[in-house]
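*Asks:* Sharing a structure, written as structure tokens. Questions coming.
Nothing in this text is a laboratory measurement; each read-out follows from the coordinates by a stated rule. The structure displayed is predicted, hence computed values, not measured ones. Heads up, the Cβs are rebuilt from the backbone with ideal geometry, glycines too, and the neighbour counts pull from every protein chain shown.
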Amino acid sequence: MLDVAFLGVTHPHADAWASAAHEDPRTRITRVYDPDPTAARSFAEKYAAESVRSADEALRGTGAAVVDGRNDEAPRFAEIAIGAGVPVFIEKTGARTSARLAEVADRASRAGVLTQMGYFMRYSDSVVRTRQALEEGALGDLYLARFHAAIPHQAWTSMAHWFSDASNVVTPFMEAGCHLVDVLRLLLGEPHEIRATRVRRSGTPSPGEDALAATMRCADTVVTIDFTAHEADPWNIGWGGDLFGDAATLRFGVTPARTSLGSGGHVPDVHSPVALDDPDAIRTRMSAENAELMRRGMSAFIDAVDSDSPSPVDAESGAATLRLIEDALKACDLPAVRPEPFPAA
């Protein structure tokens, strides 16, 4: 039995990851620490664990740790676990900067301690099918790829305490869009030639951009990723991508995990686990898939701990994802070809 300690529990995903660990017969949550003792006690009671007064105390006798609090707390908690020689699962973003997360990754590498990031959209069946299609060459030569991520506009009311806190969230694109940046890197590798633009409107609660679009190249493929912090649709339903090859076009949605493969005809081959015109079925399916993605991520971590093998996405990869986001944000500040205001004709 793998005893797991939670260091930090205030991240919006903490309960979902804890449920995944709690449901796995190979693990049990034994201790919980958070700087907010009330949050720690409530969380510990839910999972029949002990609430303790320090991160060091939480790690005593444990075989793994999950860091799932604020972004500004995550590096310190991860390093405490690494210092104790305990494998550590780190909630995204894992830090407020790529440099800080890279320090965590370097410390873990030197200590020989396993790390894994909490990027769960990479485990979606649609992402798996897309990756397989690319590896098999089913799309032919890939010329263009587009990715989309968003925060629902209603989240600025329901989750304002998290997203509006500039001491915790650097920018909305980093906080939420990081999932699709991880998927982009998983599918296409490391981009170069990054260009971007963003808008921050007055009067919004966003600590950063309200919308952003970036273009880049992955080898000979032009890649775009766009993001809005004010989408009308609910969480995750619009997240996904379109990949355009000369043999086929593949479109995927992360959840419900659906794909569409067109090979030159007018009607593509659609693979969906649910009828896409049934809102109740879609809502139920998305809830089930979200829990399953967390279970897959936690299971991958436990497998890596048990087998002493690499995790699917370690802190070094997490730092590379943040570095790409930071490069896109920097590119937004470069001079434009047609700067505003453009004179009327």
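*Asks:* Determine, for Glu193, Glu326, the number of other Cβ atoms within 10 Å of each Cβ, and report the residues in order from fewest to most.
*Replies:* Ascending number of Cβ neighbours within 10 Å: Glu193, Glu326.
*Asks:* For region 122-290, what proportion of DSSP beta bridges, expressed in % and rounded to the nearest 5, is antiparallel?
*Replies:* 80
*Asks:* Oh, and also: Can you list residues from other chains, or at least 5 along the same chain, whose modelled amide H is less than 5 Å from the amide H of Ile29?
*Replies:* Val4
*Asks:* Provide Lys46, Lys92 in ascending order of the number of other Cβ atoms located within 10 Å of each residue's Cβ, fewest first.
*Replies:* Details: Lys46 15, Lys92 24.
Final ranking by Cβ density, sparse to dense: Lys46, Lys92.
*Asks:* Determine ³J(HN,Hα), in whole Hz, for all residues of region 274-287 in sequence, where each value follows from phi through the Karplus function 6.51 cos²θ - 1.76 cosθ + 1.60 and θ = phi - 60°; x replaces Gly and Pro.
*Replies:* Rounded to whole hertz, the list is 8, 5, 7, 10, 10, x, 5, 5, 5, 4, 5, 5, 5, 4.
*Asks:* Something else now. At q = 0.08, 0.14 Å⁻¹, what is the base-10 log of I(q)/I(0) for region 122-290 according to the Debye formula with one equal point scatterer per Cα and no solvent? Please give it to two decimals.
*Replies:* Reported log10 I(q)/I(0), two decimals: -0.26, -0.78.
*Asks:* Let me ask you something else. Going by the alpha-carbon gyration tensor, a ≥ b ≥ c the square roots of its eigenvalues, is region 1-76 rounded (a/c under 1.5) or, if a/c is not under 1.5, prolate (a/b greater than b/c) versus oblate?
*Replies:* rounded
*Asks:* Kirkwood hydrodynamic radius, computed over distinct alpha-carbon pairs, for region 249-345: how many Å, to one decimal?
*Replies:* 18.2
*Asks:* Given a Förster distance of 22 Å, report the FRET efficiency between Asp106 and His192 from their Cβ-Cβ distance, rounded to the nearest 0.05.
*Replies:* Between Asp106 and His192 the formula returns 0.40.
*Asks:* Sticking with this one: Could you state the angle between the C-alpha long axis of helix 37-46 and the longest principal axis of the C-alpha atoms of the chain, as a value from 0 to 90 degrees rounded to the nearest 10?
*Replies:* 90
*Asks:* Under the Karplus relation 6.51 cos²θ - 1.76 cosθ + 1.60, θ = phi - 60°, what is the ordered set of whole-Hz ³J(HN,Hα) values for region 101-116, x standing for Gly and Pro?
*Replies:* Per-residue couplings from phi come out as 5, 5, 4, 4, 4, 5, 5, 5, 4, 5, 8, x, 9, 5, 10, 8 Hz.
*Asks:* Starting from one equal scatterer on each C-alpha and no solvent at all, send me the Debye-based log10 I(q)/I(0) for the chain at q = 0.06 Å⁻¹, two decimals.
*Replies:* -0.22
*Asks:* While we're on this one: Cα axis of helix 315-331 to longest principal axis of the chain: angle in degrees, 0 to 90, nearest 10?
*Replies:* It works out to around 40 degrees.
*Asks:* Please list, ordered by chain and number, the residues whose modelled amide H lies under 5 Å from the amide H of Ile151; skip anything fewer than 5 residues away on the same chain.
*Replies:* For Ile151, the qualifying residues are Thr228, Ala229, His230, Glu231.
*Asks:* Measuring from centroid to centroid over Cα atoms, what is the spacing of region 102-174 and region 239-296 in Å?
*Replies:* 18
*Asks:* Express in nm, to one decimal, how much length is gained between Asp308 and Glu135 on full extension, taking 0.36 nm for each residue of separation and deducting their alpha carbon distance.
*Replies:* Taking Asp308 through Glu135 to full extension adds about 59.6 nm, to one decimal.
*Asks:* In region 82-170, if every C-alpha pair distance is counted and binned at 10 Å from zero, what percent goes to each bin?
*Replies:* Final binned percentages: 13, 27, 30, 26, 5.
*Asks:* Report D for region 156-226 in µm² per second (integer): Stokes-Einstein, Kirkwood Rh on Cα pairs, 25 °C, 0.890 mPa s.
*Replies:* 184
*Asks:* A follow-up question, please. Could you work out how far apart the two model spin labels at Ser54 and Arg338 are, taking each label as a point 7 Å from the Cα in the direction of the beta carbon, and quote it in nm?
*Replies:* Each label point is offset 7 Å from its Cα along the Cβ direction, giving 6.1 nm.
*Asks:* Starting from the Cα-Cα distance between Arg217 and Met1, subtract it from 0.36 nm times their residue separation and give me the gain in nm to one decimal.
*Replies:* The span from Arg217 to Met1 would gain 73.2 nm if fully extended.
*Asks:* What angle, in degrees between 0 and 90 and rounded to the nearest 10, separates the Cα long axis of helix 125-136 from the longest principal axis of the Cα atoms of the chain?
*Replies:* Its long axis makes an angle of about 60 degrees.
*Asks:* Continuing with the same structure: Just to verify a number: FRET efficiency for Glu316 and Thr284, C-beta to C-beta distance, R0 = 41 Å, to 0.05?
*Replies:* 0.65
*Asks:* How much length would be gained if the chain were fully extended between Arg200 and His161, taking 0.36 nm per residue of separation minus their Cα-Cα distance, in nm to one decimal? Before the final figure, lay out each step's value.
*Replies:* Numbers: separation 39, 0.36 × 39 = 14.04 nm, distance 1.93 nm.
The span from Arg200 to His161 would gain 12.1 nm if fully extended.
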